[in-house]
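Report on one structure; see the data block that follows.
Derivation of every value follows stated rules applied to the coordinates shown; laboratory data play no part. Everything numeric here is computed off the predicted structure, so don't read it as measured data. Positions of Cβ are generated from backbone atoms using ideal geometry, with glycine treated the same way; all protein chains shown enter the neighbour counts.
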Amino acid sequence: MPILVNLDVMLARRKIRSRELAERVGITEQNISLLKSGKVRGVRFDTLARICEVLQCQPGELLEYRPGDPSTTEESLHDNP
């Protein structure tokens, strides 16, 4: 997937552990782990907003687009309902 999640980088910069972020955001530590690894298909805007609030950052600091992944082409998007 061409979207990279840089949550681990931001946690290190802010010196906050995943457990503390999970508690302050109101989600499980497992969900933070899945988000950090990029193994999620989506994130709710309210969750993203709470993460940004706690880490005092913008969504663009957490998410990065890297083009060139063939799964993002117009043709493959129509193949995956």
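Can you tell me the length gained on complete extension of the stretch residue 41 to residue 64, counting 0.36 nm per residue apart and subtracting the Cα distance? Could the numbers behind the result be given before it?
Working: separation 23, 0.36 × 23 = 8.28 nm, distance 1.45 nm.
Working it through step by step, the gained length comes to 6.8 nm.
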Which of the trypsin sites (Lys or Arg not before Pro) found in the stretch 1-43 are loop residues per DSSP with 16 or fewer other Cβ atoms within 10 Å of their Cβ? 15, 17, 39, 41
Whole Å is fine, so just give me how far the alpha carbon centre of the stretch 19-40 lies from that of the stretch 42-58. 11 Å
Between the modelled labels at residue 3 and residue 23 (7 Å from Cα along Cα→Cβ) the distance in nm is 2.9 nm
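With a/c under 1.5 counting as rounded, go ahead and sort the stretch 1-42 into rounded, prolate or oblate using the C-alpha gyration tensor (a ≥ b ≥ c being the square roots of the eigenvalues; past the cut-off, prolate if a/b is larger than b/c, else oblate).
Values: a/c = 2.75, a/b = 1.31, b/c = 2.09.
Note, shape of the stretch 1-42 comes out oblate.
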